[in-house]
Ligand code: PEP
């Protein structure tokens, strides 16, 4: 069976000092439950402080982005090896904010996922449709294109990665996909994974839901058969709301 994963995406919030305080509060309030993994993804500058605050705890560290190359003349960029050195286990790739603000394409997301895997990191690959695409009835077509493009050549390595279905219209908006809408999208993604890597591998690959998950809607979302936890933005910035979500998984 798939274990659940609840990961906090702190985005561009929390200095190193603030991150250490938040990580400590999460660590102190966490009730461990078998089959539920927890991760936090702070900004690069807070990774070391958060790693120290979490040392010896079951909470994993993740980053929010990486460059596809191991090193080179890429001013302002960070490689997978550097993240690994700082204790990262996970790295988010292809978040819709980066697709929109930085022009990240499926091909670039694919290269980043490959680089992460090569360095021993677990990429959390984000996909999701915009409101216009959903209203035009194109949700499944968009997910098909993003999954095929972002995971090209990774059919035999599906279990080493995590997918996050994040409808763009639900991120940071307070609008959440209904459990049924999310389940339909997750089931579609799992069918795509099965076509790429076989049914067994697809059945073992975790697919998270992200988009305005809150303590009061998490349990209904997480109880859907193809939803294996969540990628949590705004609600991960306070220990009590993040822990309430974790504890409902
Ligand atoms: C996210 O940034 O991945 C996210 C899901 O944000 P929020 O929970 O704030 O919608």
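The values are calculated or read from the model by the stated rules, or taken from the named source; none is laboratory data. What you are looking at is a predicted structure, and each value in this text was computed from that prediction instead of being measured. In this analysis, Cβ positions are derived from the backbone assuming ideal geometry, glycine residues included, and neighbour counts consider all displayed protein chains.
For this structure, a couple of remarks:
- Identity of the residue in segment 218-249, within 14 Å of the ligand (Cβ to nearest atom), assigned to a loop (DSSP other than H, G, I, E, B) and surrounded by fewer than 19 Cβ atoms within 10 Å (Cβ to Cβ), that ends up nearest to the chain's Cα centre (by Cα): 237
- Residues of segment 36-56 that are over 11 Å from residue 16 (Cα atoms) and within 20 Å of the chain's Cα centre (by Cα): 36, 37, 38, 39, 40, 41, 54.
- For segment 190-210, the candidate set comprises residues that are in contact with a strand residue (DSSP E or B) (Cβ under 8 Å, 6 or more places away or on another chain) and not in a helix (DSSP H, G or I); within that set, the residue that is surrounded by the most Cβ atoms within 10 Å (Cβ to Cβ) is 209.
- Remark: pairs (first residue in segment 160-180, at positive phi; second residue part of a helix (DSSP H, G or I) and more than 9 Å from the ligand (Cβ to nearest atom); Cβ separation under 9 Å; 6+ apart in sequence or on different chains) are absent.
- When residue 92 is tested against (1) touching a residue at least 40 places away in the same chain (Cβ under 8 Å); (2) farther than 28 Å from residue 23 by Cα; (3) outside any loop (DSSP other than H, G, I, E, B), only condition (2) is not met.
- Any chance residue 71 is touching a helix residue (DSSP H, G or I) at 6+ places or on another chain (Cβ under 9 Å) and either crowded, with 18+ Cβ neighbours inside 10 Å or outside any strand (DSSP E or B) (or both): yes
- If the condition is being touching a helix residue (DSSP H, G or I) at 6+ places or on another chain (Cβ under 6 Å), in a helix (DSSP H, G or I) and surrounded by 24 or more Cβ atoms within 10 Å (Cβ to Cβ), then segment 97-122 contributes 109, 116.
- Test for residue 5: is it under 30 Å from residue 105 (Cα atoms) and either away from the ligand (no atom under 16 Å from the Cβ) or crowded, with 18+ Cβ neighbours inside 10 Å (or both): yes
- The residue pairs whose first member lies in segment 218-230 and is at positive phi, whose second member is buried (at least 16 other Cβ atoms within 10 Å of the Cβ), and whose beta carbons are closer than 7 Å, counting only pairs six or more residues apart or on different chains, are 229/4; 229/5; 229/6; 229/206; 229/208; 229/222; 229/249.
- Subset tally (residues that are surrounded by fewer than 16 Cβ atoms within 10 Å (Cβ to Cβ) and either without any contact (Cβ under 8 Å) to a residue 24 or more places away in the chain or part of a loop (DSSP other than H, G, I, E, B) (or both)) for segment 140-154: 2
- Among (1) crowded, with 20+ Cβ neighbours inside 10 Å; (2) more than 16 Å from the ligand (Cβ to nearest atom), the one test that residue 187 misses: (1)
- Each residue in segment 1-25 was checked for being touching a strand residue (DSSP E or B) at 6+ places or on another chain (Cβ under 7 Å) and not in a loop (DSSP other than H, G, I, E, B), and 7 pass.
- Test result for residue 182, crowded, with 16+ Cβ neighbours inside 10 Å, in a strand (DSSP E or B) and at pLDDT 95 or above: no
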